[in-house]
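The values are calculated or read from the model by the stated rules, or taken from the named source; none is laboratory data. Keep in mind that what you see is a predicted model, and the values were worked out from it rather than measured. Virtual Cβ from ideal backbone geometry, glycine too; neighbours counted across all protein chains shown.
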Amino acid sequence: MIYKAAQIFTGTNTLTGYAVSTNNGTITELIPVADIKPDEKVTDLGNTMLAPALMDIQLYGAAGRLLSVYPDAVTVAAIADYCKAGGATQCMPTVATNTYETIFDCVDAIKTYWQQGGKHVMGLHVEGPWINPAKKGAHKEEWIFSPTIAQAKVLLDYGKGIIKIITLAPESCTPELVTFIQSYKVVVSAGHSNATYQQATAAFNNGIGTATHLYNAMSGLQHRTPGMVGAIFNHPTVLSSVVPDGHHVDFAAIQIAKKQMGPRLFAITDAVTTTTTGFYQHTLETDKYTSNGILSGSALTMHKCFSNFVQHCDIGIEEALRMCSLYPATAMGLQQRHGCIAPGYAAEFIVLNQQQQLAQVICD
């Protein structure tokens, strides 16, 4: 299949007069429109921009089905569908601090979804329970603990190949434990943490490469105690997600962070869904969710994240797209497969009209 559009954003720059050739779900080449042969099958997308599909590595449910409450393949499919409708063809269903039994059920849900042929789900994001209760946010404190390596091994062995990212508080977990988790090819992200600037910097220097939802549920930047936010700003390589809905973080604070971090800042939706059972009962309030009276999640899609970056944070279209595609892919070590339009990359695209609205999502 060949896709032709007025503009093609490759992840690096924007081209005109080009088309994208794909085969079996992979991009094969970028070709000048003038070189397309008359007998080749072409999908003409008109006066639009073709861009890499987006990626969401943290959301908890969709369509009234929270993963921790309904840990089954139906919920995983609903999450994948929600993400695709919002431009994200790759996603990471997430379970917040919970019992091992519930986390195991979430692992099983994704395993079953894959066994049934489900696509576009990269794995499971486990947020907690190895966090700091001082920064628990909406998480349930009685489930929070600092694990031994043996306790961590139980979870990691059960979720091997399915758990792809764990958010933990570095001050609550030893460096040896972090290294052990990473030996399972799991991305460790620092979050729900009250770490000092020194503790956070040491954790980043020792191999934690990512932080979870900048500003939220972490020690803040103060002039005498720079905290985890200060450590993230000052570190040369650590990446961090941010929730750009205007509620979790003021848009001006995102602008400040962007100036400090450049390509190290990326978007997540942190999206939840209306839930009336279980501990995490989320209630929609206009365009955000609360749980037990605490801000608990967003109503974002990844395309809305992109739009908010452009409209409210003074971030250019190309960079806003990277913050929703290439940069989260980089956080997961998938930057050679997702986030660009180039040979060898996944043939997964979004189509934006002239007003940057989402016109179409293209994927297998």
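Buried (at least 19 other Cβ atoms within 10 Å of the Cβ), touching a helix residue (DSSP H, G or I) at 6+ places or on another chain (Cβ under 6 Å), closer than 19 Å to residue 334 by Cα and not polar (S, T, N, Q): is that true of residue 57 in this structure?
Taking the combined requirement at face value, the residue satisfies it.
Kindly provide the set of residues from segment 335-356 that are without any contact (Cβ under 8 Å) to a residue 60 or more places away in the chain and either of a type in the set (Phe, Trp, Tyr) or within 22 Å of residue 189 (Cβ to Cβ) (or both), ordered by number.
Passing the criteria: 335, 336, 337.
Just the residues that are surrounded by fewer than 17 Cβ atoms within 10 Å (Cβ to Cβ), over 22 Å from residue 122 (Cβ atoms) and not aliphatic (A, V, I, L, M), please, taken from segment 181-217.
Scanning segment 181-217 gives 198, 205, 206.
Can you name the number of the only condition in (1) in contact (Cβ under 8 Å) with a residue 60 or more places away in the chain; (2) touching a Leu at 6+ places or on another chain (Cβ under 7 Å); (3) not in a loop (DSSP other than H, G, I, E, B) that residue 134 fails?
With respect to (1) in contact (Cβ under 8 Å) with a residue 60 or more places away in the chain; (2) touching a Leu at 6+ places or on another chain (Cβ under 7 Å); (3) not in a loop (DSSP other than H, G, I, E, B), residue 134 is out only on (2).
Take residue 315 and decide whether it is at negative phi and touching a Lys or Arg at 6+ places or on another chain (Cβ under 7 Å).
In short, yes.
Would you pick out the residues in segment 54-78 that are aromatic (Phe, Trp, Tyr) and touching a residue at least 60 places away in the same chain (Cβ under 8 Å)?
60, the sole residue that qualifies.
Of the residues 223, 235, 213, which is touching a strand residue (DSSP E or B) at 6+ places or on another chain (Cβ under 7 Å) and not small (Gly, Ala, Ser)?
213
Please go through (1) small (Gly, Ala, Ser); (2) in contact with a Phe, Trp or Tyr (Cβ under 8 Å, 6 or more places away or on another chain); (3) surrounded by fewer than 20 Cβ atoms within 10 Å (Cβ to Cβ) for residue 246 and return the number of the only condition it doesn't satisfy.
That leaves (2) as the condition not met.
Give me the pairs, please: first residue somewhere in segment 30-53 and over 22 Å from residue 11 (Cβ atoms) and at pLDDT 95 or above, second residue anywhere and exposed (fewer than 10 other Cβ atoms within 10 Å of the Cβ) and of a type in the set (A, V, I, L, M), beta-carbon distance under 7 Å, and either six or more positions apart or on two chains.
none
Name, by its number, the condition in (1) under 14 Å from residue 168 (Cα atoms); (2) of a type outside the set (Asp, Glu); (3) in a helix (DSSP H, G or I) that does not hold for residue 208.
The single condition residue 208 does not satisfy is (3).
This table checks each residue for (1) over 19 Å from residue 243 (Cα atoms); (2) touching a strand residue (DSSP E or B) at 6+ places or on another chain (Cβ under 9 Å); (3) of a type outside the set (A, V, I, L, M); (4) part of a helix (DSSP H, G or I).
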{"residue": "70", "(1), (2), (3), (4)": "yes, yes, yes, no"}
{"residue": "84", "(1), (2), (3), (4)": "no, yes, yes, yes"}
{"residue": "130", "(1), (2), (3), (4)": "yes, yes, yes, no"}
{"residue": "139", "(1), (2), (3), (4)": "no, yes, yes, no"}
{"residue": "160", "(1), (2), (3), (4)": "yes, no, yes, no"}
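Here are some residues: 356, 335, 311. Which one is of a type in the set (S, T, N, Q) and out of contact with any helix residue (DSSP H, G or I) (no Cβ under 8 Å at 6 or more places or on another chain)?
311
Yes or no: segment 19-32 includes at least one residue that is crowded, with 17+ Cβ neighbours inside 10 Å, among the hydroxyl-bearing types (Ser, Thr, Tyr) and not assigned by TED's automatic domain parsing to the domain that holds residue 144.
Checked segment 19-32: at least one residue is crowded, with 17+ Cβ neighbours inside 10 Å, among the hydroxyl-bearing types (Ser, Thr, Tyr) and not assigned by TED's automatic domain parsing to the domain that holds residue 144.
For residue 327, indicate whether it is in contact (Cβ under 8 Å) with a residue 60 or more places away in the chain, in contact with a Ser or Thr (Cβ under 8 Å, 6 or more places away or on another chain), hydroxyl-bearing (Ser, Thr, Tyr) and within 26 Å of residue 139 (Cβ to Cβ).
Here the answer is no, as residue 327 does not meet what is asked.
Which residues, taken from segment 229-254, are of a type in the set (Phe, Trp, Tyr) and either more than 21 Å from residue 330 (Cβ to Cβ) or part of a loop (DSSP other than H, G, I, E, B) (or both)?
Matches in segment 229-254: 251 only.
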